[in-house]
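Novice: Have a look at this one.
The numbers here are math on the coordinates, done by the rules we state, and not lab data. What you see is a predicted model; the values in this text were computed from it and never measured. No Cβ is skipped: glycine too gets one built from the backbone with ideal geometry, and neighbour counts run over all protein chains shown.
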Amino acid sequence: MKKKSLKHSLFALLSLTVVIAAAFPSKAAVAKGKITRVDSTSICGWAWNPDDTNDVQQVELHIFQSGKAEPVKYLHVTADEYREDLAVDLKDGWHGFSVKVDWSQFSGNDFKIKAYTVKGDEYYILGDTVDYKKGSSGADKQASKVPEDTSSQTAAQAATPVTGERSLGLFSVCGYCNCEKCGGGSGLTYSGTVPQANHTIAADLSILPLGSKVRIGNVIYTVEDIGSAIQGNIIDVYCDTHEIAVSLGLTKQEVFLVQ
Ligand SMILES: [Zn+2]
């Protein structure tokens, strides 16, 4: 193998870094699809992998209040609903999604909605950003052509570290409760405590031992629980009800160890 000069290698490395930075998260989409409708109660759309029609797409919707950089809401939905129009267009109708939104929970009137498909840790932009004005009728919305500024965008929620804290990087964060669907039942956490919302989280103990305190957003949580699927950079946030747990969706968030 030929030896490259150090200068050349460095240049190659830098170029690669720039390419990666610019590419995330708007890599060439594996799935086709878009948001087709936003109304006073729901967001609908479709997502489909043209190379494998059996590949069911996981869609994450990020709702932004107009003018704000951070989403006010993340919604996770599986694109496996039947839609007549898709059956005609794609020859397979089972790729629709619809998710209920209670707009009254947000202040402000103007929103932007971005859709992503999620594959493992990767986020892929799905279609164009769609505008929604609170109180708009149920008429179909045309996707607005908002140019993507890929360099400044990130699908993951970045946050600012506070003195005395150390960033642990990005974690996949989702919610769980004590119900059977979430694998609960005993009522107590792995460490024997009574789980509490805004306090209890489940983590991979090899990364975050029991009792570790971490900050996610504005809340400081304590690791008190584990889960069979909680391995690596994953945190499950305890919620009072299954509905709340589901509404958290699956998000990428920066986690800080509070020392
Ligand atoms: Zn549950």
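Novice: Taking neighbour Cβ counts within 10 Å as the exposure measure, how do 226, 113 sort from fewest upward?
Specialist: Ranking 226, 113 by Cβ neighbours within 10 Å, fewest first, gives 226, 113.
Novice: Something else: Note down the nm distance, to one decimal, between modelled labels 7 Å out along Cα→Cβ at residue 105 and at residue 122.
Specialist: It is 3.0 nm.
Novice: Would you list, by chain and number, the aspartates and glutamates whose Cα falls below 16 Å from the Cα of residue 91, excluding same-chain residues fewer than 8 positions away?
Specialist: Qualifying aspartates and glutamates at Cα under 16 Å: 51, 52, 55, 80, 81.
Novice: What does the charge dipole of segment 32-133 about its Cα centre add up to, to the nearest 20 debye, if the Cβ of each Lys and Arg holds +1 and the Cβ of each Asp and Glu holds -1?
Specialist: It comes to approximately 400 debye.
Novice: While we're on this one: As an exercise, use a Förster radius of 35 Å and the Cβ-Cβ distance of residue 68 and residue 210 to find the FRET efficiency, rounded to the nearest 0.05.
Specialist: Once the sixth-power term is evaluated, E becomes 0.45.
Novice: May I pose another question? Cross-link list 134/213; 213/252; 68/252; 112/213: which exceed 29 angstrom alpha carbon to alpha carbon?
Specialist: Checking Cα-Cα distances, 134/213; 112/213 exceed 29 Å.
Novice: Can you pull the three principal axis extents for the Cα set of segment 165-258, in Å, largest first?
Specialist: 34, 26, 22
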